Amino acid sequence: MSDSAPDPRLDTLRRQLPGLRLTTDPAELEHYGRDWTRRWVPAPLAIALPTSVDEVQAIVRWANAEGVAIVPSGGRTGLSGGAVAASGELVLSLERMSKVIGFDAVDRTLTVQAGIPLQAAQDAAREHGLQYPVDFAARGSCSIGGNIATNAGGIRVLRYGNTREWIAGLTLVTGSGELLELGRSLVKNSSGYDLRHLAIASEGTLGIVVEASLKLTDPPPPTNVMLLALPSFEALMQVFEAFRSRLQLQAFEFFTDLALKHVLAHGAQAPFAEVHPFYVVTEFASDEASEAEALAAFEQCMEQGLVSDGVISGSDAQAAQLWRLREGITESLARYVPYKNDVSVRLSAMPAFLAEAQSLLAKEYPQFEVVWFGHIGDGNLHINILKPDGLALEAFVADCERVTKLLASTLQAHGGSISAEHGIGLVKKPYLGCTRSDAEIAAMRGIKAVLDPNGIMNPGKLFD
Ligand code: FAD
Ligand code: MLT
Ligand code: ZN
């Protein structure tokens, strides 16, 4: 344990902020230097864990003076390498800035420090009889700051939208150390550029989100969860339409038999006696009228051969069991260091894109397990390629990148995005141009130059 590294730049920081927790302990460098990608070897200069906005500003000013790059760090559950520190950066963890600052019943906002875990924010909203509706499996460990920086989606986007819709205001320490209060929780504000939306999905490249005001809404109705078994990929969008046209859906998620195989191997319970190629988890209000509509949609799909089996939750425990089949996928695949594609197209383009992507990946990946799942109701597919145990990571990634180039062209042809919700980070940087035009990327660079003139904020992420 070496808490007093010899680096003179760190000595300066220690002198400037004697109360700051700053560590160079090797185990902590390793812990804070990586995210869920596990692809890069962590090599940060040090880890800073500030407890106040003033400390964050002082760290940014020090970093500008010393020419040190900063990697903002939340829960490091990111899946695209955005929080990776592999090149001597200072990791600025928001872990010790995780409090609820305030609640306003009239505005229906919850103001939090950015390091608060998503689940803690959801719980705080619930204590006030309201709901913060962004939700996904990493809720216990990801942070609101990380959610904002990636514009996180999740399992209820179909009903409630992405993180972007729920940020009433945020406070940003820019790359030059300025404090910007953006949005101010005003419902209406037509007074120029809405800089709040530049910070959202900026992946820590413009500054550090230190606080946020979250919009809250009415709690959800009591719900039923239904698991459907489908015979084919082609049936997916038709089943979605059958349910969506009759019901207000809270979620519509899909996964394949291969995904289910891994979740079951991880301890979940098989939902049906037989194996089916595709599954959908959907959720809707449990009132009588909604249940009747759901059953009618189910019967219609059965008659049309679009669905081959189904089960509806009879209790909260059963609902949780059904959700586990979908939410447990990422964890069950983690040991295979999966190469993750996180793509989206418009719903109208989904059937054609699905057909092309399926045949492309079947042809290009005969040697790998390819696991499909995701938020099909939002036009968002997660395609995970699993690394065989004996294959070196570099060779595996090289092969996946070759195929991702082809997939990116298919996406471009269908007007899609190479990152629906995980961000570009390091993983998808080479493919940004399939989603954004040269002019757009040039504009993004220009914005970065204004807010982060010395390029200290998360350099090498999103673009070079
Ligand atoms: P980190 O991984 O720490 O950081 C992510 C990015 O945000 C980095 O670029 C980092 O520099 C930046 N950042 C972090 N905090 C700040 C800050 N305060 N200010 C500025 N920049 C900051 N994502 C989805 O969208 N939908 C899902 O359904 C989903 N499910 C997941 C399930 C599992 C099991 C796991 C492991 C991940 C899942 N993710 C999902 C991905 C991940 O949880 C999200 O991207 C999440 O928003 C990341 O939050 P974090 O706090 O862990 O961020
Ligand atoms: C999910 O939808 O489960 C997440 O985005 C995580 C993943 O893609 O692995
Ligand atoms: Zn997802």
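Among the residues of segment 241-266, those that are closer than 21 Å to H382 by Cβ and not hydrophobic (A, V, I, L, M, F, W, C) comprise R244, Q250, E253, T256, D257, K261, H262, H266. Summed over segment 26-56, residues that are open to solvent by less than 60 Å² (accessible area, probe 1.4 Å) and out of contact with any His (no Cβ under 9 Å at 6 or more places or on another chain) total 18.
Taking the conditions exactly as written (more than 16 Å from ligand 3 (Cβ to nearest atom), touching a Gly at 6+ places or on another chain (Cβ under 8 Å) and not in a loop (DSSP other than H, G, I, E, B)), does A357 satisfy them or not? Against the criterion (more than 16 Å from ligand 3 (Cβ to nearest atom), touching a Gly at 6+ places or on another chain (Cβ under 8 Å) and not in a loop (DSSP other than H, G, I, E, B)), A357 does not qualify. Of all the criteria given as (1) more than 16 Å from ligand 3 (Cβ to nearest atom); (2) outside any loop (DSSP other than H, G, I, E, B); (3) of a type outside the set (D, E, K, R), the one not satisfied by L158 is (1). Once segment 183-192 is narrowed to residues that are at positive phi and among the small types (G, A, S), the residue that is surrounded by the fewest Cβ atoms within 10 Å (Cβ to Cβ) is G192. Please work out which residue is farthest from ligand 1 (Cβ to nearest atom), limiting yourself to segment 193-205 and to residues that are among the hydrophobic types (A, V, I, L, M, F, W, C) and open to solvent by 10 Å² or more (accessible area, probe 1.4 Å). Only one residue fits best here, namely L195. Among residues that are buried (at least 20 other Cβ atoms within 10 Å of the Cβ), assigned to a helix (DSSP H, G or I) and either aromatic (F, W, Y) or out of contact with any Lys or Arg (no Cβ under 6 Å at 6 or more places or on another chain) (or both), L462 is not included.
Taken over segment 409-456, the criterion of being more than 16 Å from ligand 3 (Cβ to nearest atom) and basic (K, R) is satisfied by K429, R436, R445, K448.
Residues in segment 156-182 that are within 17 Å of H375 (Cα to Cα) and either modelled with pLDDT under 95 or open to solvent by less than 10 Å² (accessible area, probe 1.4 Å) (or both): T163 alone.
Exactly one residue out of G82, G115 is open to solvent by less than 30 Å² (accessible area, probe 1.4 Å), more than 17 Å from T205 (Cβ to Cβ) and under 17 Å from the mean Cα position of the chain (by Cα): that is G115. Within segment 125-144, being open to solvent by 10 Å² or more (accessible area, probe 1.4 Å) and part of a helix (DSSP H, G or I) holds for R126, E127, A137, A138, R139, G140. Note on segment 222-254: residues that are modelled with pLDDT under 95 and within 30 Å of L186 (Cα to Cα) amount to 0.
The values are calculated or read from the model by the stated rules, or taken from the named source; none is laboratory data. Note that the structure is a prediction, hence the values are computed from the model and not measured. Every residue, glycine among them, receives a Cβ derived from its backbone with ideal geometry; neighbour counts consider all protein chains shown. With ligands, DNA and RNA removed, areas are computed over all heavy atoms of the protein, side chains included. Shrake-Rupley method; radii C 1.70, N 1.55, O 1.52, S 1.80 Å.
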